[in-house]
Each structure stands twice: as C-alpha cells, then as structure tokens.
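The values are calculated or read from the model by the stated rules, or taken from the named source; none is laboratory data. No experiment lies behind these values; they were computed from the predicted model shown. Virtual Cβ from ideal backbone geometry, glycine too; neighbours counted across all protein chains shown.
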Amino acid sequence: MVDTVVLSGAEAQTENGLDPLIDIEAEIDRLRREKNAIILAHYYQEGEIQDMADFVGDSLDLSRKAAATDADMIVFCGVRFMAEVAKILSPTKTVVLPDADAGCSLEDSCQPEDFRKFREQHPDHISLTYVNCSAEVKALSDIIVTSSNAVAIIDQLPKEQPILFAPDRHLGAYLQRVSGRQMTIWPGTCIVHEQFSERELVKLQINNPQAQIVAHPECADAILNHADHVGSTHSILNHVVDSPHNEFIIATEQHIIHQMQKAAPEKIFHPAPGADGTCNCANCPFMALNTLEKTYLAMLNETPRIEVPEELRLKALKPLQRMLEMSPPRVAKKDAA
Ligand code: 13P
Ligand code: SF4
C-alpha cells in the first residue's frame, strides 16, 4: 500500500521544480549519508539508477538485503510489490518508492477477492505464490516464491500435496515442467515477457549463429523452448558472465544488459525482439517510472512512502518467512539459481 502524502511549503518540490543545475548524484549521496539510507535497485532499472545504488539484485537478494539492513531508510528502486516486501520484512524502517505508480501487470492480474475465491475452490491445495503480487494476496498464500527459489521450494513439498500457483501462468507452466508436479495455475502474465516473438527470435539467432539464448521463466513456452539457459535475473546474469560463449540473446527486460556489459565488457548482448523485430518491447513501463530525480525527491521528502497496516503485514510476513527459510543459500556463483 503506498501512502502518497501531498507535501506543502518548502518540501513541496516537484520533479519539474528541481534546480536544473543541481548535481543529483551528489545530492543523493548527501541524503544517503544524512538519513542513513540504503538504495536498493532491481536489475530492470535504468543504468544510472543501478550505478548509484548500494546494492543491485533480483527479487530474492533484494528481499534478503531489506531484511538484513541496519539503515534507517530503504530507498527501493524497483516496483511496488518489491518495496512492500521490504516494509513487511523491515517494518521499523522508512521505505520509499520513487514513483508511487510503479506497479506490475502480474500484481494487477490477481486481485485479492478473486484470489480468495480461487483458494476457496481448492481447499486441499497448498498455495505457492510468486512474489510479484500485492501484500493482500501474500497474506492469503501459504508460501511465497521467486523465480530463483521456486523449484527448490516445490521439491521440499510432499509428492502427494496438490499445489495452486499464482499469478504467472508462464512461470507456473515452466515450474510444472521442471518439477514434474501437477499444479493448478492462475492465468496472469507479465506484459513485458509475453511480447517476445518466437519468429523474430529465430531470425535473430539465424543472423547471429554464435549467440546463445538466455530467458527468464516469465516468457512463454515458445520462447523458453529455444533457450540454452532459463533462470531468474540473477541466474541469467551469472550464466552469461561465467559461460565460455561470447554472444547472447537476452529474453528478459533489457536493462539487465547494463550489468552484463559491466561484468563482461568483451561480450556481445542482443535484446530479444518483439513482433515488429525491434527490442522495444523489452522495457518494463513500471520500472521505467523511477528516475534519478524522483529518487532524490523521494529521499528528500520521504514520500511516496510504503505503509502496510500491521494486521496485514503480520499475515503477509508468514509466507515470506517460509520462503526465506526454505530458500537454498547462494554460495558458489556458478551454482546460483
Ligand atoms: P527476478 O526475481 O528474476 O529478479 O524477477 C523479477 C521480475 O519482476 C521479473 O519480471
Ligand atoms: Fe512486473 Fe513484468 Fe515489470 Fe517484472 S517486468 S515488474 S513481472 S511487469
């Protein structure tokens, strides 16, 4: 839940009202020190946001960082459900999200009342829910998973236990295939990963025959079937850096290429194409709402601030804690999920 407080007086600076000569990075650094803030950024953020963050990671690592930090303020450069997880795990911290409208199509696809009915229709099922959902849906779930720990968590459930999976149908189908478990799956999709075109992907690979294809499991089967490696953002990044191959087609949000280029500057990365043959589809419009300017203003004004009512927080905390307890630790880089 985002508390969009309207400020007044000297604090009421808007993005347009910023002094154009201000050194944003220096001001962010000043506020970071003065407010004892930590800036967490997802791999899908603009490169300039990733570069000024204290930590860049996937959903799982970001939630672990948020749970462990001793900072007073968490500045979450990602989308709302990620910042909400930070607040649920670290309730005494001030958590700000640079743009209050930074949502997620998967979260939107799964409204709490509909999800409650879904659960009621399957009373004997355990509900495994992808972290890309609201605090309300988390509170109605048994265990939260991310794309990086879902298989390991499913493997810990008794074989005869029926499973409900929400809200991403492509990730659900992928998990069914890999784990060999039958699951009842919610029909949500990610508007970014669903736009990749198999036909254009095959054309791109024919033109770049040395390139390996790596894909996030939010992509449809038609894309995953061509992938040499499927995994979370963390896993894809490790794969391309550690692989002996030098060229890759990246079937996930394209801003992760920023980290790939930093870690392996000699390698070549092509964003996977959409139906028109361009890579423009590989931009998450929600992540793109966050900017350096809005990050600065969020730190200055301490808004938009994430607030989760305590009763809801405690209900959502349980399945998140189960996730953290059941997640394998990340040790050797090459083995990471
Ligand atoms: P990761 O957990 O792999 O970072 O994915 C988050 C996400 O939103 C993918 O679209
Ligand atoms: Fe949500 Fe898709 Fe954006 Fe990830 S890329 S935050 S799943 S809309």
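Residue-wise test of (1) under 16 Å from the mean Cα position of the chain (by Cα); (2) within 30 Å of His125 (Cβ to Cβ); (3) within 15 Å of ligand 2 (Cβ to nearest atom); (4) assigned to a helix (DSSP H, G or I).
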{"position": "Cys190", "(1), (2), (3), (4)": "yes, yes, yes, no"}
{"position": "Gln210", "(1), (2), (3), (4)": "no, no, no, no"}
{"position": "His226", "(1), (2), (3), (4)": "no, no, no, no"}
{"position": "His234", "(1), (2), (3), (4)": "yes, yes, yes, yes"}
{"position": "Val240", "(1), (2), (3), (4)": "no, no, no, yes"}
{"position": "Pro244", "(1), (2), (3), (4)": "no, no, no, no"}
{"position": "Ile257", "(1), (2), (3), (4)": "yes, no, yes, yes"}
Task: Every residue from segment 27-72 that is in a helix (DSSP H, G or I), among the acidic types (Asp, Glu) and out of contact with any strand residue (DSSP E or B) (no Cβ under 8 Å at 6 or more places or on another chain) - done: Glu27, Asp29, Glu34, Glu48, Asp51
Task: Unmet requirement for Leu289, which otherwise passes all of (1) farther than 27 Å from Asp23 by Cα; (2) surrounded by fewer than 19 Cβ atoms within 10 Å (Cβ to Cβ) - done: (1)
- [ ] Please tell me if Pro285 is modelled with pLDDT of 95 or more, out of contact with any Asp or Glu (no Cβ under 7 Å at 6 or more places or on another chain), in a loop (DSSP other than H, G, I, E, B) and not polar (S, T, N, Q).
- [x] yes
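Out of all the residues in segment 94-116, which are of a type in the set (A, V, I, L, M, F, W, C) and more than 13 Å from Arg305 (Cβ to Cβ)? Give the steps one after another, and end with the answer.
Just the residues of segment 94-116 that are of a type in the set (A, V, I, L, M, F, W, C), to begin with: 95-97, 100, 102, 104, 106, 110, 115.
Of everything in segment 94-116, those that are of a type in the set (A, V, I, L, M, F, W, C) and more than 13 Å from Arg305 (Cβ to Cβ) turn out to be Ala102, Cys104, Leu106, Cys110, Phe115.
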- [ ] List the number of the failed condition for Gly17; all other conditions in (1) among the small types (Gly, Ala, Ser); (2) away from ligand 1 (no atom under 16 Å from the Cβ); (3) at pLDDT 95 or above hold.
- [x] (3)
TODO: Pairs only if they're at least six apart or on different chains, beta carbon under 6 angstrom, first in segment 269-293 and within 14 Å of Leu201 (Cα to Cα) and without any contact (Cβ under 8 Å) to a residue 24 or more places away in the chain, second surrounded by 15 or more Cβ atoms within 10 Å (Cβ to Cβ) and not hydrophobic (A, V, I, L, M, F, W, C); list them, first residue then second.
DONE: Pro271/Gln254
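Return yes or no: is Cys190 in contact with a Phe, Trp or Tyr (Cβ under 7 Å, 6 or more places away or on another chain) and closer than 21 Å to Cys281 by Cα?
no
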- [ ] May I ask you to say which residue of Gln210, Gln195 is in contact (Cβ under 8 Å) with a residue 12 or more places away in the chain and over 22 Å from Ser59 (Cα atoms)?
- [x] Gln210
TODO: Could you list all residues from segment 272-298 that are over 21 Å from the mean Cα position of the chain (by Cα) and within 24 Å of Phe76 (Cα to Cα)?
DONE: Glu293, Tyr296, Leu297
Task: Members of segment 59-83 that are within 16 Å of ligand 2 (Cβ to nearest atom) and without any contact (Cβ under 8 Å) to a residue 40 or more places away in the chain - done: Leu62
Open item on the list: One residue is enough: does segment 144-152 have a residue meeting the conditions touching a Gly at 6+ places or on another chain (Cβ under 6 Å) and surrounded by 18 or more Cβ atoms within 10 Å (Cβ to Cβ)?
Closed with: no
TODO: Assess whether Glu302 counts as being of a type in the set (Asp, Glu) and free of Cβ contacts under 8 Å to residues at least 12 places away in the same chain.
DONE: no
TODO: Identify, by number, the condition in (1) away from ligand 2 (no atom under 16 Å from the Cβ); (2) farther than 20 Å from Ile256 by Cα that Ser197 doesn't meet.
DONE: (2)
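Within segment 114-148, can you find the residues that are assigned to a loop (DSSP other than H, G, I, E, B) and away from ligand 2 (no atom under 16 Å from the Cβ)?
His122, Pro123, Asp124, His125, Leu140, Ser141, Asp142
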